[in-house]
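The values are calculated or read from the model by the stated rules, or taken from the named source; none is laboratory data. These figures come from a predicted structure and were not determined experimentally. Quick reminder, even Gly has a Cβ in these numbers, built from the backbone with ideal geometry, and neighbours come from all protein chains shown. These area figures cover heavy atoms from the full protein model, side chains too; ligands, DNA and RNA do not enter into them. Shrake-Rupley method; radii C 1.70, N 1.55, O 1.52, S 1.80 Å.
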Amino acid sequence: MTVAVYLPSEEKTHWWVEMLQGLLPGWDIASIEDIKDRAAVKHAVVWRPRPGDLATFPHLEVIVSIGAGIDHVLADPELPADVPIIRTVGDDLTQRMREYVALHVLRHHRDMPRQLQAQAEKDWHAIVVPVAPNRTVGVMGLGNLGAAAAETLSGLGFATRGWSKSEKTIQGVETYAGAGTLDAFLSGCEILVNLLPLTDATTGILKADLFGKLAPGACVINCARGGHLVDDDLLAALKSGHIKQATLDVFHIEPLPTDHPFWDHPAITVTPHVASQIDAATGGRLIAANLKSFAETGTCPDMADAARGY
Ligand code: NAP
Ligand code: GLV
C-alpha cells in the first residue's frame, strides 16, 4: 500500500509521514516529493494539495483530507474524477470547536471588547447585558461541529437556533431547514456563528443582504471558511453600525495578508485558523484507522460526499 502525503509545510509533511509510518507498519508511506513510482500510489493524505498533484497518481483509490472540510481538495481543477474522499473528524476537533464558539459568543454577549476599552481608559464603566436566555444566537450548519456548538450554547442558556439543509432535532435548539427558512432563522439573531462547509451554495453567504436580516448591533463569528464571507460587505456593515463586532478565524487568503484591513479594525478579532485544529497525534490515529478500514472494506465512517461538496 503506497500512501503519498502532502501538506503545504515540508516540516509538517515529514512529521505526518513519520507518524503514519509508526501507525501503519508494512505500508509504504512517503512525502509526495519522495514518491518514486507514482503508479503505486493508492492513497493520498493531504491538506491543501497543490493543483494537479493528485492527478499524477493514475491508480489513486482514496484521498484523505487532514481536516473536516474537503473544499481544499475539491478546489483542485485537475482533481481525478470519482476518487472517494475521507475527511478527518473526531471528538477532539468537536471539543475544540465547542470551546472556541463558547468563548467568542460569551465574549460578544458580555460586550468584552467594550469592557476592555473602558479598562484602557480607566473608566469604571459597568456594562449590564441581558441574561443568556434573552440573547438569540444562531448557528449556520448543524453537522459534527455546528450541532455540538449549538448544543453547547443551549447548555449555557442562550436562546439557540440552528440552520441546516435537512431537518434536525437537537435538544434545546430551535432548528430551521432549507434555503426557504433562512430569513426566519436570521430574523432577530444577535450573534451569528458560521459552521457551514464551503460549497457552491454557501460561497459568499455572509454578505450585505444576510447582515441586513440580523438584529441591529449583531455580532458575527466566522469559524468555517474565508470564502463564506464577502469582506467588503462586512466592513460596510461594521461602518454603518448594523454589525457591532466580528470574530474571524478563516480568510480568503491564509495567512491573512499583513495589509488586509481586518488586522487593524477595532471591531474585528482575528484568530489564525485555530478554532479547531486537528490534534496531530489524534488525527494520525483517526487517519490510520480510516485508511485500514477503507483498504479492508472499501469504506469507513468518515466518507465525505464529493458530489454534495462536504
Ligand atoms: P459537516 O458535518 O459536513 O456539516 C455541515 C452542515 O452544514 C450540515 O448540517 C449541512 O446540512 C449544513 N449545510 C451544508 N450546506 C448547506 C446549505 N446549502 N444550507 C444549509 N445548510 C447546509 O461539517 P462539520 O464537520 O460540522 O464542519 C463544518 C465546516 O467547518 C467544515 O466544512 C470546515 O470548513 C469548517 N472547519 C473549520 C475549522 C476551523 O478551525 N476554523 C475546523 C474544522 C472545520 P445537512 O446536515 O442537512 O446536510
Ligand atoms: C479545518 O479547517 C478543517 O477543515 O478541519
task: Please list, in chain and number order, the residues 5+ apart from residue 175 or on another chain whose amide H is under 5 Å from its amide H, with Hs placed from the backbone.
output: 162
- request: Please label the shape of the stretch 48-160 as rounded, prolate or oblate, based on the square roots a ≥ b ≥ c of the eigenvalues of the alpha-carbon gyration tensor (a/c under 1.5 means rounded; beyond that, a/b larger than b/c means prolate, else oblate).
  value: prolate
query: Under 5 Å between amide H atoms, partner at least 5 residues away or on a different chain: which partners does residue 31 have, H built in plane at 1.01 Å?
result: 5
- prompt: How many angstrom lie between the C-alpha centres of the stretch 147-177 and the stretch 181-207?
  reply: 14 Å
task: Could you do me a favour and compute the accessible area per residue for the chain, 1.4 Å probe, result in Å²?
output: 47 Å²
message: Show me the ranking of peptides 275-288, 73-86, 153-166 by mean Cβ neighbours inside 10 Å, starting with the highest.
response: 153-166, 275-288, 73-86
task: Using θ = phi - 60° and the Karplus relation 6.51 cos²θ - 1.76 cosθ + 1.60, list the HN-Hα couplings for the stretch 193-199 in order, rounded to whole Hz, with x at every Gly or Pro.
output: 10, 9, 9, 7, x, 8, 9
- prompt: Applying 1/(1 + (r/R0)^6) with R0 = 51 Å to the Cβ-Cβ distance of residue 21 and residue 258, what FRET efficiency is obtained, to the nearest 0.05?
  reply: 0.85
task: On the protein heavy atoms, probe 1.4 angstrom, tell me the percent of accessible surface of the chain carried by carbon and sulfur.
output: 53 percent
- request: State the extension gain, in nm to one decimal, for the chain segment bounded by residue 129 and residue 209, taking 0.36 nm per residue of separation less the distance between their alpha-carbons.
  value: 26.1 nm
message: Once you keep just the Cα pairs under 8 angstrom separated by 6 or more residues, what percentage relative contact order results for the stretch 92-270?
response: 16 percent
- request: Would you work out if the stretch 92-270 is rounded, prolate or oblate? Take a ≥ b ≥ c from the square roots of the eigenvalues of the alpha-carbon gyration tensor; rounded if a/c is under 1.5, else prolate when a/b is larger than b/c, oblate otherwise.
  value: oblate
message: Within 11 Å, Cβ to Cβ, of residue 142, how many net charges do the neighbouring residues add up to if Lys/Arg are +1 and Asp/Glu are -1?
response: +1
- prompt: Which lysines, on any chain, are close to residue 239 with Cα under 27 Å apart, when same-chain ones fewer than 8 places away are left out?
  reply: 122, 207, 213
task: Add +1 for every Lys or Arg and -1 for every Asp or Glu among the other residues with Cβ under 14 Å from the Cβ of residue 163, and state the total.
output: +1
- request: For residue 189, list long-range residues whose amide hydrogen, built 1.01 Å from N in the peptide plane, is under 5 Å from its own amide hydrogen.
  value: 215
query: In the stretch 45-151, which chymotrypsin sites (Phe, Trp or Tyr not before Pro) fall in coil by DSSP and have 11 or fewer other Cβ atoms within 10 Å?
result: 124
task: Could I have the simple spin-label model distance between residue 273 and residue 179, label points 7 Å from Cα toward Cβ, reported in nm to one decimal?
output: 2.8 nm
Three-way shape label, the chain, alpha-carbon gyration tensor, a/c 1.5: prolate
- line: Inter-part gap, Cα centre of the stretch 95-134 to Cα centre of the stretch 15-87, in whole angstrom, is 42 Å
